[in-house]
1. Viscosity 0.692 mPa s, temperature 37 °C: Stokes-Einstein D of the protein assembly as shown from its Kirkwood Cα radius, in µm² per second?
2. Go ahead and run the numbers for FRET between B:K230 and B:D410, Cβ-Cβ distance against an R0 of 51 Å, rounding to 0.05.
3. Percent relative contact order of chain A, based on C-alpha pairs within less than 8 angstrom and at least six residues apart?
4. Please state the relative contact order of chain B as a whole percent: Cα pairs under 8 Å, 6+ residues apart?
5. Give me the net charge for the shell around B:P247: Cβ to Cβ below 9 angstrom, other residues only, Lys and Arg +1, Asp and Glu -1.
6. Between A:S240, A:V167, A:F214, whose Cα lies farthest towards the positive end of the dipole of region A:101-240 when Lys and Arg beta carbons carry +1 and Asp and Glu beta carbons carry -1, centred on the Cα centre?
7. Counting Lys and Arg as +1 and Asp and Glu as -1, what is the net charge of the other residues whose Cβ lies under 10 Å from the Cβ of A:R124?
8. By how many degrees, between 0 and 90 and to the nearest 10, does the Cα long axis of helix B:431-452 differ from the longest principal axis of chain B?
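Bear in mind that the values in this text are calculations on the coordinates, not laboratory data. Quick caveat, the model's predicted, so the values are computed rather than measured. For neighbour counting, all protein chains shown are included, and Cβ atoms are generated from backbone atoms with ideal geometry for every residue, glycine included.
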Amino acid sequence: MLGYIYAILFYAATAILVIGLASKIWIYARTPAPLKIPTTPAPKTRSGVVLRMFREVVFFESLYKSNKWIWLFGWMFHMGMWLVLIRHLRYFTQPVWGWVELAQPFGIYAAFAMLIGLGGLWARRVLVERIKYITNPSDHLMLALLMGIVLSGMMMRFVTRTDIVSVKVYMLGLMRFDVGYMPADPVLMLHLFLVATLMIVFPVSKLLHAPGVFFSPSRNQVDNPREKRHIAPWAAKLES
Amino acid sequence: MAPKDSDDIPRMHHPLEIPKLKCGAMEDSAPYPASPAHQASVGFPEELLPDWKERALAKMKDLAEKNRAFKVYLDACVKCGACTDKCHYFLGTGDPKNMPVARQDLLRSVYRRYFTFAGKYFPKLVGARDLTEEVLDEWYSYYHQCSQCRRCSVFCPYGIDTAEISMAAREIMDVVGKGQKYCNEIIGKVHVVGNNLGLQEKALRATLEDLEEEIEEDTGVSVRLPLDEKGADILLITPSADFFAEPHIEGLIGYAKVFHEAGVSWTISSHASEAANFGLFIGSYENMRKVSLRIRKAAQDLGVKRIIFGECGHAWRVAYSFLNTLAGPWDFLDPKYPVPQHILEFTWDQIQRGNLKLDKSQNDHIRLTYHDSCNVARASGMGDQPGGQFEIPRNVIRAVCNHFYDMDRDTIRESTFCCGGGGGLLTDELMDLRTKGAAPRMTALQQVTEEHGVTHMAAICAICKTQFSKVMPKFGYDMESIVSVHQLVSNAIVLTGQGGAEDEDGEEDAA
């Protein structure tokens, strides 16, 4: 029974995440940028832009320039999250890929980086007057959601130990549309429920910053307006 | 004479000092509304329409479909707070709605309410709100407290540019009939007369002739400032302030001397006697395009080969970044030169070729710093390298001036502070805002005055120059302390035939 409830939850969450995100990306890609507005100095070539974007999404370059505390907490959280996600691939693959095995020890402790990062960001929302001012209830809820996921995950890893072998069998089954037995461990149930919630809210929340950054004209445009004429289709129509 | 609102000038210990929040401190600041005639002159409704709300929302939807920046920026913000201490108006006023993210949220909250799932069904949760007349008034106040300088966009991890949001907000207000007098009146003048000041061809011709006489009196050399000369190689497009106001006019004299020494033929156009394009400030692509097309027509009518822009910040943004889009392609001009060029690109090239004879000691009475204008620094470029917009002006300054000192690194180049008067806010009724917004820049200037005895500040933007000549006296400087870069060039340049033979001999002996 539990297996079926969570199966439905995960299929629905996955569908919402994939379709929602794809449609947002489609809208961003389809919407024209009528003018060249890179924040300059900006790269003069396409490969330069790729490098700029790489520095932005891997090192959070602009954030680093802006505020070292936000950068530190934000970067810790995101990099920790990537390691944890990579580590979690082991529950969806059989046999486990070599490079996932390699990341395993780092992935375990990366949870602490996520925890510290989230804690720091949350503290700033409460303690720094300016950031408190711009915070909406949804910003606290998002932090609570992420914190809940991290804490419940850490609980299973470091405190109560869930029946992880059964969980993996269940997950591998879900991927073949074969619903099996899911252990009725409350911490596991909470963890998976929160993850599914995160997947569902992704396309309708500020988590859209993830695809959004790649479509930001101030970051992804080449600074070559004098060399190459840039014109949006709707603007070209004004000329005829 | 003590300025009348001297007690209201923010005293900062450091240009980046973050103030305590003062909620509502600037809620009464608003520019004069456009009159029905001003609105009509730029193609907008004469007064607030009865169905303004529906039209505003329709325009918002339209913008989200036509402008990727608007759409992505409204969605992507995570409220991290990185931008909160980056706006000069926030630093100067402490009003939290002048924090870039809070300024964006004034519009984002409405966008969410009507166009997003979360805002439609959980408005309280995500800070979404209905569009009401109070909201519209709040927009009018605070979107006219943004100079569209893009400093926040440098520091945003997603590159969110509040200027894009503020331009969109102003466009929405314009199409429902709530326009701003200063910008719309000026754009109307450009459409009709050809420049922001409404300066007619006759007056312009007389002004240029006066300047020719003045240069001849000063130097003994006849330097021309041609108007509407067909077949000239270069069309100079320069802000109309260059024709009549100090220190702008000294810059124009500088351009004329440089052209003279370079031995090129050039002309000003009475049809396009204005570099400024306030269509940018009100976010109106159509108006910006119409203003830009004047330049295309002037270039075609006069049969020029190149276009060069004078010292103007936002005009250079429109010229460098948008002119090819709005009024191109420029295939009828000489392909050897970028279209358009900046006067500093031209002058620096002439200096490198050794075509200009410069006597730096003519500027020895000046200890100089340089203010990077926001639209040049963060929205355009110069030369063929990224960052040329920082290096080329400084190269020229160092070539004509012996005493040059940069201000705090966090207040120059891409991190430069706005002068406080950009983005269509250079109007008297906003003087309080302009003074407070200038405080971070003025504080950085005071630092180099203390450390290096700096007496003057150079800028390459007509708005910056006008703003500084108004606000610098409030911070203890003369209004003549703001100078054009080409004013310094003009001081240093030794025209061929100027000053007699002894000078040349002396030069040779020294060498």
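1. Numbers: Rh = 28.0 Å.
D = 117 µm²/s.
2. Numbers: r = 49 Å, r/R0 = 0.96.
Between B:K230 and B:D410 the formula returns 0.55.
3. Values: 222 pairs, mean separation 91.0, N = 240.
With pairs under 8 Å counted, the relative contact order is 38 percent.
4. Values: 954 pairs, mean separation 92.9, N = 511.
Relative contact order, chain B: 18 percent.
5. Details: positive: B:K465; negative: B:E246, B:E250, B:E480.
So the surrounding residues net to -2.
6. Most positive-ward Cα: A:S240.
7. On the way: positive: A:R125, A:R130, A:K132; negative: none.
After counting each charged neighbour, the total is +3.
8. The answer is roughly 50 degrees.
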